[in-house]
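Asker: Quick one: structure below, then a few questions.
The values are calculated or read from the model by the stated rules, or taken from the named source; none is laboratory data. Computed from a predicted structure; not experimentally measured. Methodologically, a virtual Cβ is constructed for each residue, glycine included, from the backbone with ideal geometry; neighbour enumeration extends over all protein chains shown.
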Amino acid sequence: MEDLQSIKAELSGLISKAQDGKALEEARVAILGKKGRITDMMKALGALPVEQKKEMGKSLNILKTEIEAELEAKKAEIETKELNARLASEMIDVTLPIRQEKQGRIHPVSKIYEEVTAIFGQMGFEVADGPDIEDQFHNFNALNTPANHPARQMQDTFYVTNPESDNFDDSYVVRTQTSAVQVRTMEKKQPPIRIIAPGRTYRSDYDATHTPMFHQVEGLVIDKHTTMAHLKGCLYDFIKAFFELDEIPVRYRPSYFPFTEPSAEMDIGCLKSKTELKIGAGNDWLEILGCGMVHPNVLKACGVDPDEYQGFAFGLGLDRLAMLKYGIPDLRDFFASDVRWMKHYGFVPLDEASMTGGLSNNGGAAR
Ligand code: DAH
């Protein structure tokens, strides 16, 4: 058997020469693998006389343990070196300016949300909210739409099982309308009230202009002398500000909603051609929102005295407004998570909508 001291020096040299994980593994195999140096020496022990075998076996075991420790230490050293190199190569200098092509985009719905809140915010409205999963009281009953009311059929409702009750009337809904927030607001606060409630709404519907999840904004104004004239003025100002036009033809058509009396739908003037839709001119009309004077039954259900207070409400579809304002043809694409679509229709992040700084900036999608 060779001199163990010099063998150890040789093997240690092999280990310390290894520069990376692969080289170290090769060294390990050469020493401890099936045909490795130490393994070979262990095998050769069998041929030695008993006394020598014992002696040599002990020394070899010590050598093996020492070499294994060296391998372990080297492995840790290499891993630390590799990690440090990786961290250095992945370092991000947060002080560098943003690279144009790496920028994310603001979704058109978020943009419209900002625009609508900026406009109503300047008129003195507060933003209110409520849960997406509602009980039937807030989504329907308090809005003058009790169970079996025919108007419930106007909306294709998704019901959610109530784990605590088998009675269908107790089941929850994913809210079909942000009107539910009217109820929540009046329950919490006595008039004067002036709120908008933007949020997600859900109905079982799917085509180019309907998706099962969509966005609405609800508006509610309650005070002692709030009239239909206030409603008309408020919505007229809103629509002009929103479409960034000085004049825009508007008409109100009588309509029906269970929670308002009288109820109306607001149309705006436009020009429809095969290739284009121009808002604010022409002989065509486009339905834009529903509105009306809050029904006394709604006030009563929310704890507001209808002999003392009255007011108006309105509801509009955010997605539809985005489609109209920015010429986006299919609603389903809004929620397809397609980066190419976002690049095309999205907005640069720092152009926040405001009444002083500009709504959509230059009147179009700022890209
Ligand atoms: N909640 C109605 C809908 O989803 C929209 C609406 C119409 C809201 C008239 C109102 C309103 O507040 O007064 O179709």
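Asker: Would you be able to tell me the number of residues in segment 216-233 that are buried (at least 20 other Cβ atoms within 10 Å of the Cβ) and either within 11 Å of the ligand (Cβ to nearest atom) or hydrophobic (A, V, I, L, M, F, W, C) (or both)?
Answerer: Final tally of qualifying residues: 8.
Asker: Now for a separate question. On the basis of being at pLDDT 95 or above, in the same structural domain as TYR326 (by TED's automatic domain parsing) and more than 24 Å from PRO296 (Cβ to Cβ), does GLU164 make the cut?
Answerer: So GLU164 passes the test.
Asker: Hand me the list of helices (runs of 4 or more DSSP H) wholly inside segment 284-367 holding 3 or more residues that are assigned by TED's automatic domain parsing to the domain that holds PHE214 and closer than 29 Å to PRO258 by Cβ.
Answerer: Per the criteria, 296-301, 318-326.
Asker: Of the residues that make up segment 185-208, is at least one under 17 Å from SER263 (Cβ atoms), assigned by TED's automatic domain parsing to the domain that holds ALA151 and either within 14 Å of the ligand (Cβ to nearest atom) or in a loop (DSSP other than H, G, I, E, B) (or both)?
Answerer: No, because not a single residue in segment 185-208 is under 17 Å from SER263 (Cβ atoms), assigned by TED's automatic domain parsing to the domain that holds ALA151 and either within 14 Å of the ligand (Cβ to nearest atom) or in a loop (DSSP other than H, G, I, E, B) (or both).
Asker: If you don't mind, there's one more thing I want to ask. May I ask you to verify whether PHE140 is within 16 Å of the ligand (Cβ to nearest atom) and touching a residue at least 40 places away in the same chain (Cβ under 8 Å)?
Answerer: When the stated conditions are applied, PHE140 does not pass them.
Asker: Taking into account only those residues within segment 241-264 that are near the ligand (Cβ under 9 Å from one of its atoms) and assigned to a loop (DSSP other than H, G, I, E, B), which is nearest to MET293 (Cα to Cα)?
Answerer: PHE259
Asker: Mind checking which pairs have a first residue in segment 50-65 that is at pLDDT below 95 and in a helix (DSSP H, G or I) and a second that is charged (D, E, K, R) and surrounded by 11 or more Cβ atoms within 10 Å (Cβ to Cβ), Cβ under 9 Å, 6 or more apart or different chains?
Answerer: LEU63/LYS8
Asker: Can you tell me which residue among ILE279, ILE268, ILE288 is β-branched (Val, Ile, Thr), away from the ligand (no atom under 11 Å from the Cβ) and touching a Pro at 6+ places or on another chain (Cβ under 9 Å)?
Answerer: One residue alone meets the criteria, ILE268.
Asker: Given (1) within 16 Å of the ligand (Cβ to nearest atom); (2) over 18 Å from ARG194 (Cα atoms); (3) crowded, with 20+ Cβ neighbours inside 10 Å, where does LYS325 come up short, assuming only one miss?
Answerer: (1)
Asker: So if I check each of GLN103, GLN122, GLN153, GLN182, which one is within 16 Å of the ligand (Cβ to nearest atom) and either surrounded by fewer than 16 Cβ atoms within 10 Å (Cβ to Cβ) or more than 25 Å from LEU220 (Cβ to Cβ) (or both)?
Answerer: GLN153
Asker: Test LYS274 against the criterion of being assigned to a loop (DSSP other than H, G, I, E, B) and without any contact (Cβ under 8 Å) to a residue 12 or more places away in the chain, and give yes or no.
Answerer: yes
Asker: If you don't mind, there's one more thing I want to ask. Yes or no: ASP267 under 21 Å from the mean Cα position of the chain (by Cα), modelled with pLDDT of 90 or more and acidic (Asp, Glu)?
Answerer: No; evaluated as a whole, the condition is false for this residue.
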